Amino acid sequence: MNAPLPFHVEASRCIRCGACAALAPGVFDLSEGPSRVRRAHMQIEARAVEAARLICPTDAIRSTTSVDAALDQGVASPALETKHGSPRFDQLARGAERARWSLASVPWADLEPSRATRELQTIVREMAFSENATYSATQRFLEAFFDDVDFSSWISVWFYEETRHPHVLGEWLRRVGAPLDDDFILRGRITTPFMRSLIGTLVTNVISEITATQSYARLANNTDEPTLSVIGRFIAGDEARHAATFFVFAERRLAALAPREAQRERARGLEVLSAWLGGAQQATHPVAQMLERLDDAEVDREAFGLSFDPIKKRVVRVIGLLLDVPLAREADVAPALRQLLTERGTT
């Protein structure tokens, strides 16, 4: 008889985003209906499962108190040290196909323009602007990771799924009487150059995708415009799956490095996290810039659940799992970075 598993999926909360299956395909099954746990799986990929739990846009993966307590204390339990096999492009692409929503499934007939307040239009407009950065980011990904066959192949999937986001957000704005012009869209496609560290670049995208996941999920839960609520859930699911896949590729790249180089790249990753925690003004990713623009426009982000602070703990834990550094809270980041830099200097 199998022992009780330390986690489960609440089917009523699952939106089939596929993030959990991307991280731990040996644990989560998305072949039909909501995600479910393969109970026959004997070696639980606990490290990947914990990342999946934190990335899940609807918090559908529930774990035991003992795991949470270990993380809150900043201590990795033996179970969390378990490594897992990294899925390849074909597996990730097929998982995305099972989870992907269609443009035809957007319920435009349910749209209620009277509920599209000026403040809500501003939020959607800024989200659409930041989403357009996908175009130039794709070019940079293909250039920076040209020698990674799996990753460069997967970027084509990422690009397709991401381009649907500004499209449906722009269509929502058009239907409520606030259309976007071509100049607005083209300006949104310009992004800043990537950093030299490839791990730093991937960590940046894990952070930004989790931030986007939470932003869209919270918008979906805090707007009373029904069509936008559905769009928010759709996009939140995509962003969660993308965060999971960037995590997979970053973990794989770290594992392939020599120990000294891996130590240096972990420090680069923590530097990215530290800068992000310092505030949106210290980050150059479009998602962080979007939150800053909403503040400049004096939008009440709290009213739509778009607060920056609640996302921080979730991001800190995920990046800690990725970089194999015990992080439970924001205060753990600076000493962990100092330790990595000290160890790097003595190797």
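Matching residues to (1) touching a Lys or Arg at 6+ places or on another chain (Cβ under 9 Å); (2) modelled with pLDDT of 90 or more; (3) of a type in the set (G, A, S):
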{"position": "A70", "(1), (2), (3)": "no, no, yes"}
{"position": "A76", "(1), (2), (3)": "yes, no, yes"}
{"position": "T82", "(1), (2), (3)": "yes, no, no"}
{"position": "D90", "(1), (2), (3)": "no, no, no"}
{"position": "A93", "(1), (2), (3)": "no, yes, yes"}
{"position": "W101", "(1), (2), (3)": "yes, yes, no"}
{"position": "P107", "(1), (2), (3)": "no, yes, no"}
{"position": "D110", "(1), (2), (3)": "no, yes, no"}
{"position": "R115", "(1), (2), (3)": "no, yes, no"}
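Each row is one residue, and each column tells you yes or no for (1) surrounded by fewer than 24 Cβ atoms within 10 Å (Cβ to Cβ); (2) at pLDDT below 80; (3) under 23 Å from L323 (Cβ atoms).
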position	(1), (2), (3)
I15	yes, no, no
H41	yes, yes, no
I44	yes, yes, yes
R47	yes, no, yes
A51	no, no, yes
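Taking into account only those residues within segment 203-259 that are of a type outside the set (S, T, N, Q) and not in a helix (DSSP H, G or I), which is nearest to E171 (Cα to Cα)? Before you say what the answer is, go through the steps one by one.
Taking segment 203-259 as the starting set, the residues that turn out to be of a type outside the set (S, T, N, Q) are 203, 206-207, 209-210, 212, 216-220, 224-226, 228, 230-244, 246-259.
Then drop every residue that is not not in a helix (DSSP H, G or I), which leaves 224-225, 256-258.
Working: D224: 18, E225: 14, A256: 43, L257: 44, A258: 48 Å.
Filtering segment 203-259 for residues that are of a type outside the set (S, T, N, Q) and not in a helix (DSSP H, G or I), the one nearest to E171 (Cα to Cα) comes out as E225.
Any residue at all in segment 236-256 that is surrounded by fewer than 24 Cβ atoms within 10 Å (Cβ to Cβ), of a type in the set (D, E) and closer than 23 Å to R100 by Cα?
Looking for residues that are surrounded by fewer than 24 Cβ atoms within 10 Å (Cβ to Cβ), of a type in the set (D, E) and closer than 23 Å to R100 by Cα, one finds none in segment 236-256, hence no.
Just checking, does segment 224-240 include any residue being in contact with a Phe, Trp or Tyr (Cβ under 6 Å, 6 or more places away or on another chain), within 17 Å of S136 (Cβ to Cβ) and not charged (D, E, K, R)?
no
Can you say whether A288 is at pLDDT below 90, among the small types (G, A, S), out of contact with any Pro (no Cβ under 8 Å at 6 or more places or on another chain) and more than 25 Å from R175 (Cα to Cα), as far as the supplied structure shows?
yes
A133 versus (1) without any contact (Cβ under 8 Å) to a residue 40 or more places away in the chain; (2) over 19 Å from A220 (Cβ atoms): which is the lone unmet condition?
For A133, the failing item is (1).
Within segment 160-194, how many residues turn out to be among the aliphatic types (A, V, I, L, M) and in a helix (DSSP H, G or I)?
Here the count works out to 5.
Among the residues of segment 196-210, write down those that are farther than 15 Å from E131 by Cα and either among the small types (G, A, S) or without any contact (Cβ under 8 Å) to a residue 40 or more places away in the chain (or both).
Of everything in segment 196-210, those that are farther than 15 Å from E131 by Cα and either among the small types (G, A, S) or without any contact (Cβ under 8 Å) to a residue 40 or more places away in the chain (or both) turn out to be R196, S197, G200.
Being of a type in the set (K, R) and buried (at least 19 other Cβ atoms within 10 Å of the Cβ) is true for just one of R140, R187, R164. Which residue is that?
R164
The values are calculated or read from the model by the stated rules, or taken from the named source; none is laboratory data. Just so we're clear, the structure is a prediction, and the values are computed from it rather than from any experiment. As a convention, Cβ positions derive from the backbone with ideal geometry for all residues, glycine included, and neighbour counts pool all protein chains shown.
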